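The values are calculated or read from the model by the stated rules, or taken from the named source; none is laboratory data. Quick caveat, the model's predicted, so the values are computed rather than measured. Here the Cβ positions follow ideal geometry from the backbone for every residue, glycine too, while neighbour counts run over all protein chains shown.
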Amino acid sequence: MNKPDRATWENFSDFLISQGLRMTGQRKAVFDALFRQSGHFTADQLLQDARKMDETVSRATVYRCLPLLVDSGTVRKIDVGQDNKFYALNESSATFKAQVICSDCDRIFDVDAPFMEWYGRTVSEKLGLEVNDQRLQVHASCPTYADKGTCSKTS
């Protein structure tokens, strides 16, 4: 569990203002609930924590707030090709992060992949383009799952 820092709060508030929106009590509860999440989370997990802070937070509020949080750079959306989208706090990192998704337990692991930033830039420059976004996802299976019926990486 992290605490929101003042700069993150101000950046999100400024973003809302730039969009002609205001920081409502429900948006504040959703924002604060972000920092109760550990690792990757779904909209439903965020909703549960936001309701602990403000019981009036609705599912619609969370689903309207998440794109604002993504567009402001506060969180990043992670699409792993399943029905649920996952989100994570957009913490500054010195290296590019790739996701490795366990096909058995659906757990997502962030791993350093510094070569990807170089690769994306190099390939784009050859085409005369600029990188807007890039991602690397690897789907892998747990070798012990077939033997024991449980993924060894879930603990």
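Across the range 13-28, what is the total count of residues that are buried (at least 16 other Cβ atoms within 10 Å of the Cβ) and farther than 13 Å from Leu69 by Cα?
Here the count works out to 1.
Is it fair to say Glu55 is part of a loop (DSSP other than H, G, I, E, B), free of Cβ contacts under 8 Å to residues at least 12 places away in the same chain and acidic (Asp, Glu)?
Numbers: part of a loop (DSSP other than H, G, I, E, B): yes; free of Cβ contacts under 8 Å to residues at least 12 places away in the same chain: yes; acidic (Asp, Glu): yes.
Yes, satisfied.
Of all residues in the range 116-155, how many are aromatic (Phe, Trp, Tyr) and either more than 23 Å from Gly39 (Cα to Cα) or in contact with a strand residue (DSSP E or B) (Cβ under 6 Å, 6 or more places away or on another chain) (or both)?
Qualifying residue count, the range 116-155: 2.
Can you pull out every residue in the range 8-52 that is over 30 Å from Arg107 (Cα atoms) and among the hydrophobic types (A, V, I, L, M, F, W, C)?
If the condition is that a residue be over 30 Å from Arg107 (Cα atoms) and among the hydrophobic types (A, V, I, L, M, F, W, C), then Phe15, Leu16, Ile17, Leu21, Met23 are the ones that fit.
Based on what the data block shows, is Ala50 in a helix (DSSP H, G or I), loosely packed, with under 13 Cβ neighbours inside 10 Å and of a type in the set (A, V, I, L, M, F, W, C)?
When the stated conditions are applied, Ala50 does not pass them.
Could you tell me whether the range 122-142 includes any residue that is modelled with pLDDT of 80 or more and within 27 Å of Thr8 (Cβ to Cβ)?
Yes, because at least one residue in the range 122-142 is modelled with pLDDT of 80 or more and within 27 Å of Thr8 (Cβ to Cβ).
Taking only the range 1-47 into account, find how many residues are in contact with a Pro (Cβ under 8 Å, 6 or more places away or on another chain) and assigned to a helix (DSSP H, G or I).
Going through the range 1-47 one residue at a time, the tally reaches 3.
For the range 58-89: of the residues being part of a loop (DSSP other than H, G, I, E, B) and within 23 Å of Cys102 (Cβ to Cβ), which is modelled with the highest pLDDT? Working first, answer last.
Initially, the range 58-89 is screened for residues part of a loop (DSSP other than H, G, I, E, B), giving 58, 72-74, 79-85.
Next, only the ones that are within 23 Å of Cys102 (Cβ to Cβ) stay: 79-85.
Values: Asp79: 74, Val80: 69, Gly81: 70, Gln82: 66, Asp83: 69, Asn84: 68, Lys85: 82.
Result: Lys85.
With respect to Phe31, is the statement that it is out of contact with any helix residue (DSSP H, G or I) (no Cβ under 8 Å at 6 or more places or on another chain), farther than 24 Å from Ala113 by Cα and either buried (at least 19 other Cβ atoms within 10 Å of the Cβ) or at pLDDT below 90 (or both) true?
On the way: out of contact with any helix residue (DSSP H, G or I) (no Cβ under 8 Å at 6 or more places or on another chain): no; farther than 24 Å from Ala113 by Cα: yes; either buried (at least 19 other Cβ atoms within 10 Å of the Cβ) or at pLDDT below 90 (or both): yes.
Against the criterion (out of contact with any helix residue (DSSP H, G or I) (no Cβ under 8 Å at 6 or more places or on another chain), farther than 24 Å from Ala113 by Cα and either buried (at least 19 other Cβ atoms within 10 Å of the Cβ) or at pLDDT below 90 (or both)), Phe31 does not qualify.
Among the residues of the range 114-131, write down those that are touching a Ser or Thr at 6+ places or on another chain (Cβ under 9 Å) and either in contact (Cβ under 8 Å) with a residue 40 or more places away in the chain or not in a helix (DSSP H, G or I) (or both).
Glu130, Val131
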